[in-house]
């Protein structure tokens with residue numbers, strides 16, 4: 001089992017009908033959308049979300065994304081999605097866990113890696129911008 005990150009955010013949602021496939025389980029691509037919703041909650045908790053990233057002059061494209069499916073979620077099921085901040089000084093690495101909100105059963109886990117790109121020059125930075133690092137450190141203090 002993965003260790004917890006330094007900051008976490010957690011959301012719950014009910015699986016909507018339009019996310020399930022003909023087998024009555026969530027289509028595999030929608031789990032990435034669920035990761036994104038939890039990642040946005042984590043960035044809001046840090047106080048430096050995508051809007052603030054853009055205003056600071058940086059884009060944060062995903063350069064690596066992984067998902068491991070354990071058990072499919074079904075229409076109407078309440079799921080819990082957690083996002084854990086693992087790395088932030090040189091890149092943004094987040095681990096995710098989707099579980100059944102009632103039983104706690106693990107359903108899907110994953111990770112994403114993002115890097116900062118200067119919007120004006122389109123150059124990738126080798127370290128996270130100070131404005132982002134400061135936001136994380138402020139929450140950790």
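Worth a mention:
- Residue within the range 87-94 that is in a strand (DSSP E or B), more than 14 Å from the chain's Cα centre (by Cα) and over 14 Å from residue 39 (Cα atoms) present: no
- Odd one out for residue 88 among (1) modelled with pLDDT of 95 or more; (2) over 22 Å from residue 124 (Cα atoms): (2)
- Some residue of the range 47-59 being part of a strand (DSSP E or B) and surrounded by 14 or more Cβ atoms within 10 Å (Cβ to Cβ): yes
- Counting only residues that are touching a residue at least 24 places away in the same chain (Cβ under 8 Å) and in contact with a strand residue (DSSP E or B) (Cβ under 6 Å, 6 or more places away or on another chain), the range 115-138 holds 5 of them.
- When the test is whether a residue is surrounded by fewer than 16 Cβ atoms within 10 Å (Cβ to Cβ) and either touching a helix residue (DSSP H, G or I) at 6+ places or on another chain (Cβ under 9 Å) or farther than 30 Å from residue 139 by Cα (or both), residue 81 does not pass it.
- Evaluation of residue 128 against the conditions (1) surrounded by 14 or more Cβ atoms within 10 Å (Cβ to Cβ); (2) more than 15 Å from the chain's Cα centre (by Cα); (3) more than 17 Å from residue 42 (Cα to Cα) shows that the sole unmet condition is (3).
- Failed criterion for residue 109 (all others in (1) in contact with a helix residue (DSSP H, G or I) (Cβ under 9 Å, 6 or more places away or on another chain); (2) within 25 Å of residue 17 (Cα to Cα); (3) crowded, with 19+ Cβ neighbours inside 10 Å hold): (1)
- Filter pass, residue 112 being touching a residue at least 40 places away in the same chain (Cβ under 8 Å) and either out of contact with any strand residue (DSSP E or B) (no Cβ under 9 Å at 6 or more places or on another chain) or more than 17 Å from residue 34 (Cβ to Cβ) (or both): no
- Whichever residue in the range 1-24 is in contact with a helix residue (DSSP H, G or I) (Cβ under 9 Å, 6 or more places away or on another chain) and part of a strand (DSSP E or B) and, among such residues, is farthest from residue 96 (Cα to Cα): 20
- Search result, residues across the range 115-136 that are closer than 22 Å to residue 36 by Cα and out of contact with any helix residue (DSSP H, G or I) (no Cβ under 9 Å at 6 or more places or on another chain): 115, 117, 118, 124, 133
- One residue stands out among those in the range 12-44 that are touching a residue at least 60 places away in the same chain (Cβ under 8 Å) and crowded, with 17+ Cβ neighbours inside 10 Å: the one that is nearest to residue 140 (Cα to Cα), which is 39.
The values are calculated or read from the model by the stated rules, or taken from the named source; none is laboratory data. Treat the numbers as computed from the prediction; the structure is a model and nothing was measured. Every residue, glycine as well, gets a Cβ built from its backbone with ideal geometry; the counts of neighbours run over all protein chains shown.
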